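The structure under discussion appears below in the form of structure tokens.
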Amino acid sequence: MTTDNKFRTIVQAIADGIQQVTRYIVGAAVRVFGPRDDNYPEIGVHPFEGEIKKDKG
């Protein structure tokens, strides 16, 4: 392998690595800030039905 081919291979490997890291970060950002994909029912707020402890000890 010539020096030029080694240099091109190294530059290509660095470019591929940067591309993979960018895809990983963008994929995570899209998942976090994208539309909801959960299927939980819209049930709203429920009142507390338990008993509150009176003494603080």
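Could you please find all residues in segment 5-57 being within 29 Å of the chain's Cα centre (by Cα), at pLDDT 90 or above and of a type in the set (Ser, Thr, Tyr)?
Thr22, Tyr24 - these are the residues of segment 5-57 that are within 29 Å of the chain's Cα centre (by Cα), at pLDDT 90 or above and of a type in the set (Ser, Thr, Tyr).
Mind checking which pairs have a first residue in segment 6-20 that is surrounded by 10 or more Cβ atoms within 10 Å (Cβ to Cβ) and a second that is outside any helix (DSSP H, G or I) and of a type in the set (A, V, I, L, M, F, W, C), Cβ under 9 Å, 6 or more apart or different chains?
Pairs that qualify, where the first residue is surrounded by 10 or more Cβ atoms within 10 Å (Cβ to Cβ) and the partner is outside any helix (DSSP H, G or I) and of a type in the set (A, V, I, L, M, F, W, C), are Thr9/Met1.
Run down Val26, Val45, Val32 and say which single residue is out of contact with any Ser or Thr (no Cβ under 8 Å at 6 or more places or on another chain), surrounded by fewer than 10 Cβ atoms within 10 Å (Cβ to Cβ) and assigned to a helix (DSSP H, G or I).
Of Val26, Val45, Val32, the one residue that is out of contact with any Ser or Thr (no Cβ under 8 Å at 6 or more places or on another chain), surrounded by fewer than 10 Cβ atoms within 10 Å (Cβ to Cβ) and assigned to a helix (DSSP H, G or I) is Val32.
The values are calculated or read from the model by the stated rules, or taken from the named source; none is laboratory data. In this text the structure is predicted, and so the values were computed from the model without any measurement. Positions of Cβ are backbone-derived with ideal geometry, glycine not excepted, and every protein chain shown enters the neighbour counts.
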